[in-house]
Amino acid sequence: MDSGTQCGTGQRDPAPSHRPDRLAILLVLSLGAAAPADARADDIATLFEPNTVVSIGGLAGAGPRFQGARRAGLWGLPYLSFRRADEAPDWWAPDDGLDAALVGDGPVQAGVVLDFREGRSARDDRRLTELPHAPATVGLGVFGEVWAIPETLRLRAEITQGVRAHDGVLAKLAADVVRRIGRFTLGVGPRLTLGDAASMRLDFDVPTGLAAIAPALPPYRTGGGPRSVGLAGSVAYEWSDAWQTLAFTRYDRLVAGAAASPIVRRFGTVDQWSFGLGAIYSFRPGP
């Protein structure tokens, strides 16, 4: 999630101590927020194996109503995943995009990814009524990740293009240090989000001609470059083989052209916080 997604967002962006293979149905369930996944095409048959482990649950939290917002809004999303019973569980971060690994296995993977992008409307802040409406949407692209230190240090990158041409391109870079302590799994690491000119202008530009009706919003035009820097952290606790709870938070600070926007300076804040809680239940549906 970029500045809160959450989870994806998500920030959009947005844990459990493993990242199992997921059904394609999660793509449908996650249109309201970004969620992690790893559903390789050749693993769909896993669902029909007798010892398949199915995990269901939900995540809920709060994050900025739009990019640069001061006020928070609530979000929630369901969780559904599966993995082979003989597969070792992998760790994933709550602000990962929904992905499907197509190349590699184990410590190095790459594939396709979907992320959720927050919108903006008059319902979020009436003072921004005159700004162009920016509906929520999704971005499609590619991801790559590598465990530079097995089970300890993960590096990940996502590059997505919005489904509409003027949505632009976002690049999200993350590094996570993961530590397992008994039943607890902790994860923390820095985040960097960059955007091209189209994505930056969609969220932070102020068109000319608004001065007469919105004098607090002088015309503003930005370009591509750094969008935010931040830090994400999560903690998960396994109560049993069946039940797991988790909590996570993410802080992003808008920088460069995003921070200088009148939308942020007059009516919002450069400090973007997201929080979330969740629970997951795992079981074997077969005999």
Task: From V163, V169, residue being within 15 Å of V113 (Cα to Cα), β-branched (V, I, T) and either surrounded by fewer than 16 Cβ atoms within 10 Å (Cβ to Cβ) or touching a His at 6+ places or on another chain (Cβ under 9 Å) (or both) - done: V163
Open item on the list: Could you tell me how many of the residues in segment 241-262 are surrounded by fewer than 18 Cβ atoms within 10 Å (Cβ to Cβ) and acidic (D, E)?
Closed with: 1
Open item on the list: Looking only at residues that are more than 30 Å from R65 (Cβ to Cβ) and in a strand (DSSP E or B) in segment 102-112, which one is modelled with the lowest pLDDT?
Closed with: D105
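Of all residues being part of a strand (DSSP E or B) and basic (K, R) in segment 238-287, which is farthest from N51 (Cα to Cα)? Just the residue, please. Walk me through it before giving the result.
To start, the set of residues in segment 238-287 that are part of a strand (DSSP E or B) comprises 238, 243-254, 268, 271-283.
With basic (K, R) added as a condition, the list becomes 250, 253.
On the way: R250: 35, R253: 45 Å.
For segment 238-287, the residue satisfying everything is R253.
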Open item on the list: For segment 132-146, check the following and say yes or no: at least one residue is over 29 Å from A60 (Cβ atoms), of a type in the set (V, I, T), surrounded by 14 or more Cβ atoms within 10 Å (Cβ to Cβ) and more than 15 Å from the chain's Cα centre (by Cα).
Closed with: yes
Open item on the list: Is it the case, given these coordinates, that A279 is under 22 Å from G139 (Cα atoms) and either buried (at least 16 other Cβ atoms within 10 Å of the Cβ) or among the aliphatic types (A, V, I, L, M) (or both)?
Closed with: no
- [ ] Just one of (1) under 19 Å from R154 (Cα atoms); (2) in contact with an Asp or Glu (Cβ under 6 Å, 6 or more places away or on another chain); (3) surrounded by 23 or more Cβ atoms within 10 Å (Cβ to Cβ); (4) at pLDDT below 50 trips up H18, so point out which.
- [x] (3)
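Being touching a helix residue (DSSP H, G or I) at 6+ places or on another chain (Cβ under 9 Å) and within 23 Å of G276 (Cα to Cα) is true for just one of L80, L186. Which residue is that? So that I can check it myself, show each step before the final result.
On the way: L186 fails: touching a helix residue (DSSP H, G or I) at 6+ places or on another chain (Cβ under 9 Å).
When all the criteria are applied, what remains is L80.
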Task: Qualifying residues in segment 186-201 (those that are outside any strand (DSSP E or B) and touching a strand residue (DSSP E or B) at 6+ places or on another chain (Cβ under 6 Å)) - the one modelled with the lowest pLDDT - done: S199
Open item on the list: Just to be sure before I move on: is R183 among the basic types (K, R) and at pLDDT 95 or above in the structure I sent?
Closed with: no
Open item on the list: Criterion first (surrounded by fewer than 19 Cβ atoms within 10 Å (Cβ to Cβ), among the polar types (S, T, N, Q) and out of contact with any strand residue (DSSP E or B) (no Cβ under 9 Å at 6 or more places or on another chain)) does T129 satisfy it?
Closed with: yes
TODO: Have a look at D99, D124, D176, D115 and point out the one that is surrounded by 17 or more Cβ atoms within 10 Å (Cβ to Cβ), modelled with pLDDT under 90, touching a strand residue (DSSP E or B) at 6+ places or on another chain (Cβ under 8 Å) and within 26 Å of E238 (Cβ to Cβ).
DONE: D99
Task: Given (1) over 12 Å from the mean Cα position of the chain (by Cα); (2) closer than 25 Å to V229 by Cβ; (3) modelled with pLDDT of 75 or more, number of the condition A93 does not satisfy - done: (1)
Open item on the list: Can you go through A256, A247, A260 and tell me which one is modelled with pLDDT of 90 or more and over 21 Å from L170 (Cα atoms)?
Closed with: A247
- [ ] Determine if segment 32-51 includes at least one residue that is assigned to a strand (DSSP E or B), at pLDDT 75 or above, within 26 Å of S240 (Cα to Cα) and not small (G, A, S).
- [x] no
Task: Selection within segment 149-184 - among the acidic types (D, E) and not in a helix (DSSP H, G or I) - done: E151, E158, D176
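The values are calculated or read from the model by the stated rules, or taken from the named source; none is laboratory data. Quantities reported herein were computed from a predicted structural model and do not represent experimental measurements. Reconstructed Cβ throughout: ideal geometry from the backbone, glycine too, with neighbour counts over all protein chains shown.
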